[in-house]
Every structure is written in structure tokens, then in C-alpha cells.
């Protein structure tokens, strides 16, 4: 199975497309929201905002993606969301991920 599109309206993955080997999906509960889904629509990555904490969970190895620029964007967007930065028109902070 492949993780495929980012979820529309999601502050981390909207507009992203990744082809990543996915070995499992999971059921969401509570405030968890899917940020990437596989070709069946099952969540393979999630985010949750508990008010006093935020979590992003990737249920796959991002280093296995062929689209490394998309992975870079995914990771930077996740960091910014975790830091509570608002997304408006894209970011360019000059951070190079170590993958």
C-alpha cells in the first residue's frame, strides 16, 4: 500500500502527494485527525491538538519516499504546526533536514 494524498484543508499536508511504502494503517480516536491516507482512505499519519500539547505521528518511514522534496515539506510543516506557527502562503526558513 502507498500513502498518497495529503488531506484537503490540513495545515500540514494539504497539497502534498507522497508515494511511501505503508505497512499498516490505524483507526483514529479522540481529537486525532488524519494528515495522510493510503489508497483505501485509511489514515497512515495523524495529528492531534490537545490544547496544551500537539502530536504528529507518521505511521511509515519517510526516508522511503521517492519525493524527498515533499518529505522535506511534510517535516517542516509538521514542525511549524507543532510550534503553533500559522501557515500563510508558504514558508522559507532555510532548514535542510537530515534524512
query: Inside the stretch 11-25, can you point out the residues that are touching a residue at least 40 places away in the same chain (Cβ under 8 Å) and within 11 Å of the chain's Cα centre (by Cα)?
result: 11, 12, 13, 16, 17, 18
- prompt: Counting residues that are surrounded by fewer than 19 Cβ atoms within 10 Å (Cβ to Cβ) and in contact with a helix residue (DSSP H, G or I) (Cβ under 9 Å, 6 or more places away or on another chain), which strands (runs of 3 or more DSSP E) fully inside the stretch 1-82 reach at least 1?
  reply: 17-21, 43-49, 54-58
statement: Flagged in the stretch 57-69 as under 19 Å from residue 23 (Cβ atoms) and under 14 Å from the mean Cα position of the chain (by Cα), in numbering order, are 57, 58, 59, 60, 61, 62, 63, 65, 67
statement: Counting only residues that are within 21 Å of residue 73 (Cβ to Cβ) and modelled with pLDDT of 90 or more, the stretch 23-44 contains a total of 3
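The values are calculated or read from the model by the stated rules, or taken from the named source; none is laboratory data. All values reported here derive from a predicted model rather than from experimental measurement. A quick note on method: Cβ atoms are made from the backbone with ideal geometry, for glycine too, and the neighbour counts reach across all protein chains shown.
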